[in-house]
Amino acid sequence: MSDVPTGLPDASPEVRSAFERLLLGLADTKRILGIRYSDWLLGAPSIEAGIAASSMAQDEWGHARLLYATLRDFGEDPELLEHDRPASEYASWDPLDEPFANWASVTAGMTVVDGALALALEAVLEGEYEPLRGRLEKMLGEEEFHRSLAHAWFNRLARSQGEGRERLREAVEAVLPATLRCMAPDDRSHRRLAETGLTLPAAELRTRLARLLNPLLAPLDLSVSAVQTEVPEGWDGTRGRGPGHPAEEAVERARGDLNRALFVE
Amino acid sequence: MMEEIVFDVFARKHRGDPLAHVGYLSALDAELARVYAWKTYDEESWFEMCIVPRSQIIPVNRTDGPFARGGHGFDASLPSSTGSSTEEDE
């Protein structure tokens, strides 16, 4: 790398490192979320829902690319971040490690995980790091449509009387605790960022997620406020997520392994 | 089973342009239809886009067009008794 890092020049190494962790986690989560959405271009409940999933996949990949590019300001090489890391180094949020099993799972993912991801971006937008503001505003504008789609489907399934409701409840219960921990980790790294105004404190992020999701979750007798948020055993402070990593197959697709080796110098 | 509703999509590229019919879609409700419309018909940077449940469109002079066929709850006797649609009009 020949570029001189320009991100947060006055910050301590600990804060810079914590902010890099935050940005990489957001970028990786968006990249893997895009993969998970792209699986539903075919097989969604309707052609229109498939097109929406495809569009959201494109949005997430675009957002990921912008966030990876931002890490250049911290001395990282976006090319290497995007195409040359093993799955074990991905900092994407735990609930996306495996594919969405069904449309209820997609709905839980776009409501809970994507919703929390947007709140995490909002927290950075409201923070002290100026260079990202324009990009974040564009991303959050696109995320409004993700939220509309997610909430419309969520309300549909949550208020139905059939199997969809129970599957949705199971899917939410599967993703909510880990999403909360990844979005608002109560660890030293996140606390340092909040103290320096680069993001919001974990408690405030949890409050915002509860405000967003609790009205949706009520028909399922679930609540963000009831979720235990302590950092669990095996928490990976370097990546800001739990143990494990996204499935190899997803990371191979994210890196473009199969065809990149053939067609890209 | 949840029943889907047909919505017609209208849009204009610039302020002052006529609102044109650009397509249709099926959705479970209006909120989903809004998102589907914006994401499905995104080939232009639209100034304005609207959706209308096809059942709310009342044909004026024809009873054999797509809007008449999709008009749930519409009293089809009205245009046929007052309209002047015939093959020779075309």
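Quick notes on this structure:
- Single residue of B:Ala30, B:Ala68, B:Ala76 found to be hydrophobic (A, V, I, L, M, F, W, C), modelled with pLDDT under 95 and within 30 Å of A:Gly164 (Cα to Cα): B:Ala30
- Exclusive hit being outside any helix (DSSP H, G or I), more than 18 Å from A:Arg192 (Cα to Cα), open to solvent by less than 70 Å² (accessible area, probe 1.4 Å) and among the aliphatic types (A, V, I, L, M), set A:Ala11, A:Ala27, A:Ala44: A:Ala44
- The single residue among A:Ala150, A:Ala101 that is of a type in the set (A, V, I, L, M, F, W, C) and crowded, with 22+ Cβ neighbours inside 10 Å turns out to be A:Ala150.
- The residues in the range A:59-105 that are at pLDDT below 95 and closer than 30 Å to A:Glu170 by Cβ can be counted, and the count is 0.
- Considering the range B:27-66, the residues that are part of a loop (DSSP other than H, G, I, E, B) and within 14 Å of chain A (Cβ to nearest Cβ) include one that is farthest from the chain's Cα centre (by Cα), namely B:Ser45.
The values are calculated or read from the model by the stated rules, or taken from the named source; none is laboratory data. Because the structure is a prediction, the values reported are computed rather than measured. Here the Cβ is made from the backbone with ideal geometry for all residues, glycine too, and neighbour counts use every protein chain on show. Side chains included, ligands, DNA and RNA excluded: accessible areas come from the protein's heavy atoms. Shrake-Rupley method; radii C 1.70, N 1.55, O 1.52, S 1.80 Å.
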